[in-house]
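A short reminder: the numbers here are calculations on the coordinates, not readings from a lab. These numbers come from a predicted model, not from an experiment. Glycine gets a Cβ as well: all are built from the backbone with ideal geometry, and neighbour counts include every protein chain shown.
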Amino acid sequence: MWFALLLSCVRPPPTAAPPLGCTLLTVNDTYRIEEVLPGVGGMARLRALRASIEAEGQEVLLLHGGDLLFPSLQSRLSKGAHMVEVLNGLDGDPEAMDPRMLVVFGNHEFDDARWKHAPALRQRLDDSQFLWLGSNIRFGSSPEHGGLSSPQLRDTATVDCGGLKLGLFGLTLSSKHPEYVDAFDEPVEVARRRTQDLRAAGVDRVIALTHQTLEQDTVMVATLGAQGPDLVIGGHEHDWKQVEVEGRMVLKADADLRTAWRVDLVRGSAGVELRPRLLRLDAQAPPDPALAARVAALLAAHAAEFCGDQGADCLDREVGRSRVDLVAEELTIRRYETNLGNWVADLARAADPGADIAFLNSGGLRLNRDIAAGPITRREIEETFAFASPLVRIELDGATLQQVLDRSVHDWTGNGHWLQISGLAFVHDPATGTASRLTLLSTGERIQPEQRLVAVVPSFLVDPSIGDQDGYTMLSGGTALGVDLKDLVLAALADAGEGIAPAKEGRICTAGAEGPCLAAP
């Protein structure tokens, strides 16, 4: 089925049909300019897909649902400039403004959150040959650093595409609140006002380009009904979504360009019809050669700068070995116990000899692909740990741990707040959204609400100055251990001799699933 769908996009018939109207091509959460796996993803493949649809005679509007500048191995040095340069080439002309490409800010666009970082973000906007939408973001201004004004920054936009006039606005969630943003306005009311304004301007359809949770998107659509947008193109979740709420659709693609949505907007006697199709960006769609060459050049330049006098191949050198495949692909590591998650969480717990347990937010493990048995490269470790992860010792009771695990399993859709754990076990029931039978593995006994525990966690989970703590606001304080998780991993790999061989043990038992379960009855 997927093969047939893809062929319809990359190999149009010799005689193209008359244009149906406008075709939306939508992606979100792209942290790589290159392929995520051999033959999967990559900006050059997205460029080729867009060109193939245009070759059918269709006019294409390319939309990006946010999270593109950060975090990535390259963005540590480029501050997102490499991504903007490649995005500028998605229309085939890196020097010309692309009137049919729009993006919305994701929360990770604000990873560099201090006023001193505002000029770099403003430069990314100015360098963009496409528009940015920030309808609910009120940027501030500083006498020293200026503001975020840019010709490419818009509150709303109207685009003529295939004989249709489309109105767009953008919404971003407030989980990252940088110093240079005065406020994130309430998104539902912003959506109501912007939809009203755009309809008054005579558009055929209103599209909300969002970077919010799926719950926020669906609540917005349900609350506003006919007063809200006709279609929501979103980001933030990293696995594809297609949800219909009161006749209005919310669409999100997989992260790192594993998929893209193609939505044909067709004008008919009953109005404008939406025809969505999820397309895989895989080996059936060859990448665009020109953009692929530019991507390769940017990666080579980054490697040379990153490695310095270590040699330009330092990222591809072996730093250790694994005797088993390590599971790190996001749809698994953000929803289940995995062997890699177990191993890293165990290293964290071992950093404090007095620790009973450890837990790590899976959003801190960002490789988004499995590692095959054999050599492990420095690049794989650097890409896994996109953020510094200093470890902290905290104390909590069993009742608070229950709140922590309730948060971990909340909205079980592959979000980064899912925890990888060490020293404990529990049962997760996706049908009821519950975590039960909390067990301390050192004793094999149920954890009681009043029981005191020592835990090792990343500082992000206890320090609100870093971000939103992934919602773990029940945690705070702690004592710094003076060690970063990535350094522990590199040291452990170097000491592992023939290699590591972690296993999935049954620490997190999914109700109804087969396999071992370490949670006490």
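The table below lists the values:
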item	result
Cβ-based charge dipole, the range 409-521, positive-most Cα from His410, Leu485, Leu441	Leu441
Residue order, fewest to most surrounding Cβ atoms within 10 angstrom, among Ser389, Ser436	Ser436, Ser389
Kyte-Doolittle at least 0.5, axis length at least 20 Å by Cα - qualifying DSSP helices, the chain	289-307
Rule-of-thumb Rg ratio for the range 2-294 [Cα; 2.2 N^0.38 Å; N residues]	0.95
Kirkwood hydrodynamic radius (C-alpha pairs) into Stokes-Einstein, the chain, 20 °C and 1.002 mPa s, D in µm²/s	89
Alpha-carbon Rg with Dmax, taken over the range 318-510, Å	15.6, 46
Set Lys252/Lys504; Lys79/Lys165; Lys165/Lys252 screened for pairs whose C-alpha atoms are more than 27 Å apart	Lys252/Lys504; Lys79/Lys165
Order of Tyr472, Tyr336 under a 10 Å beta carbon neighbour criterion, fewest first	Tyr336, Tyr472
Rounded to 5, percent antiparallel among DSSP beta bridges of the chain	65
For the range 475-514 and the range 321-356, distance of Cα centres in Å	4
Around Cys517: net Lys/Arg minus Asp/Glu count, Cβ-Cβ under 11 Å	-1
Charge dipole (debye, nearest 20) of the range 434-473; +1 at Cβ of Lys and Arg, -1 at Cβ of Asp and Glu	240
Separation between Cα centres of the range 154-179 and the range 263-283, rounded to whole Å	20
Local net charge near Ser459, Cβ-Cβ under 12 Å (Lys/Arg +1, Asp/Glu -1)	-1
Local electrostatic count, Pro178, Cβ distance below 14 Å [Lys/Arg +1, Asp/Glu -1]	+1
Dipole-positive endmost among Ala425, Thr195, Leu214 within the chain (Cβ charges, Cα centre)	Thr195
Antiparallel bridge percentage (DSSP; both residues within the range 318-510; nearest 5)	80
